[in-house]
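Step one of this worksheet: look at the structure below.
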Amino acid sequence: MLRTRMKALLAGLMAAGSLAATALIPATASAATPTPADECAIAPSWSQGANYQARDIVTYTDGTIYIAQRDNPGYNPTVSTYYWAPYTCGTGGNPYPNSFVVSEAQFDRMFPNRNPAYTYQGLVDAMDAFPAFAHTGDTTMRKQEAAAFLANISHETAGLYYIKEVNEANYPHYCDSDQPYGCPAGQSAYYGRGPIQLSWNYNYKKVGDFLGIDLLNNPWLVETDPAVAMMTALWYWNTQHGPGPITGHDAMISGAGFGQSIRSINGALECDGKNPRQVKSRVDRYEAFTGILGVPTGSGVPC
């Protein structure tokens, strides 16, 4: 169900253009600004195909009230959660109850030398496609999961510094021509990109199909669009267990611990004493990030 909703949502995003962050537009002053008590009473019915601006409030067909988080050409509020959010009447604005547990200032502390292509807003926008990420359990659990994810992608990219694979000699090697869809973007187009260094044509196809974005034909989006880049990393974190028994997300919400998130990403090469230096790098970053967020590391830290 989530996959179907996300594919519909993100297909709409691609039709509208870049997924890059769009600033919220302040409400325009008018002579008849409603009071919080009547703002929902006068909310017009949502109309498919109508042009809405950020902060417009509408009544959906079932009577539920929604507020536009971003300008959109009449996307369905029950599907396009990137553009719409449920609205609590009388608040005078979008309460954003599911805000990220990591502030932008904390993110900047974690990644002081990051590449400008990686943005805080890009991460926040990408999270709309994975609502369970850092929104499961109590505040401590949410912060621990956020720290674990950020620590792992920090290790993978040297602090969010690298946006693509450094060794260009490897680029032609990531096209599996035996796949029925081939390599339409070119033999050398599927090199490692983004926070998890997504590579190979079949992986771009798999991620793109899940997200509803044509990454097979346009793999460059992973290095040019901040939200798409983060979506690929969150896709792996939330849906793939790799060489481990569970996903990184499940490792952090089940109590298995940070070590199991390492195992899901690169356990076959790092865990069980195979590469203690790499494991230590991940653990050091996790400990630093949980310190910034003010929470304990929890049990099961090494793998």
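Could you look through region 120-143, keep only residues that are β-branched (Val, Ile, Thr) and in contact with an Asp or Glu (Cβ under 9 Å, 6 or more places away or on another chain), and pick out the one that is nearest to residue 258 (Cα to Cα)? If you could, list the steps in order and put the result at the bottom.
Within region 120-143, the subset β-branched (Val, Ile, Thr) is 124, 136, 139-140.
Adding the requirement that they be in contact with an Asp or Glu (Cβ under 9 Å, 6 or more places away or on another chain) leaves 124, 136.
Working: 124: 22, 136: 16 Å.
Among those that are β-branched (Val, Ile, Thr) and in contact with an Asp or Glu (Cβ under 9 Å, 6 or more places away or on another chain), it is 136.
Among all residue pairs at least 6 apart or on different chains, which show Cβ distances below 8 Å where the first residue, located in region 208-220, is within 11 Å of residue 184 (Cβ to Cβ) and the second is outside any helix (DSSP H, G or I) and not small (Gly, Ala, Ser)?
Close Cβ pairs satisfying both conditions: 216/181; 216/184; 217/184; 219/190; 219/193.
Give me a count of the residues in region 141-155 that are within 20 Å of residue 115 (Cα to Cα) and at pLDDT below 95.
Residues in region 141-155 being within 20 Å of residue 115 (Cα to Cα) and at pLDDT below 95: 0 in total.
Quick one: in region 47-92, of everything that is among the hydroxyl-bearing types (Ser, Thr, Tyr), at pLDDT 80 or above and closer than 24 Å to residue 211 by Cβ, which residue is surrounded by the fewest Cβ atoms within 10 Å (Cβ to Cβ)?
Of all residues in region 47-92, those among the hydroxyl-bearing types (Ser, Thr, Tyr) come to 47, 52, 59-61, 64, 66, 75, 78, 80-83, 87-88, 91.
Within this subset, residues satisfying the condition of being at pLDDT 80 or above are 47, 52, 59-61, 64, 66, 75, 78.
So of that shortlist, the ones also closer than 24 Å to residue 211 by Cβ come out as 52, 66, 75, 78.
On the way: 52: 22, 66: 24, 75: 24, 78: 15.
Among those that are among the hydroxyl-bearing types (Ser, Thr, Tyr), at pLDDT 80 or above and closer than 24 Å to residue 211 by Cβ, it is 78.
Looking only at helices (runs of 4 or more DSSP H) that lie completely in region 89-191, which have at least 3 residues being among the small types (Gly, Ala, Ser) and assigned by TED's automatic domain parsing to the domain that holds residue 255? Break it down stepwise before answering.
Numbers: elements: 104-110, 120-127, 139-157.
By residue number, 139-157.
Here are 128, 176, 138: which of them is within 13 Å of the chain's Cα centre (by Cα), among the acidic types (Asp, Glu) and either modelled with pLDDT under 95 or surrounded by fewer than 20 Cβ atoms within 10 Å (Cβ to Cβ) (or both)? I'd like the intermediate steps shown before the answer.
Numbers: 176 fails: within 13 Å of the chain's Cα centre (by Cα); 138 fails: within 13 Å of the chain's Cα centre (by Cα).
Every option except 128 fails the conditions.
Of the conditions (1) assigned to a loop (DSSP other than H, G, I, E, B); (2) closer than 19 Å to residue 157 by Cα, residue 272 satisfies every one except a single condition; which number is it?
For residue 272, the exception is condition (2).
Of all residues in region 271-287, which are over 19 Å from residue 256 (Cα atoms) and surrounded by fewer than 16 Cβ atoms within 10 Å (Cβ to Cβ)? Quick ask: steps written out before the conclusion?
Narrowing region 271-287 to residues over 19 Å from residue 256 (Cα atoms): 274-278, 281.
Within region 271-287, 274, 275, 276, 277, 278 qualify.
Residues to consider are 295, 301, 279; find the one that is assigned to a helix (DSSP H, G or I) and aliphatic (A, V, I, L, M). Working first, answer last.
Details: 295 fails: assigned to a helix (DSSP H, G or I); 301 fails: assigned to a helix (DSSP H, G or I).
Answer to the selection: 279.
The values are calculated or read from the model by the stated rules, or taken from the named source; none is laboratory data. What you are looking at is a predicted structure, and each value in this text was computed from that prediction instead of being measured. For neighbour counting, all protein chains shown are included, and Cβ atoms are generated from backbone atoms with ideal geometry for every residue, glycine included.
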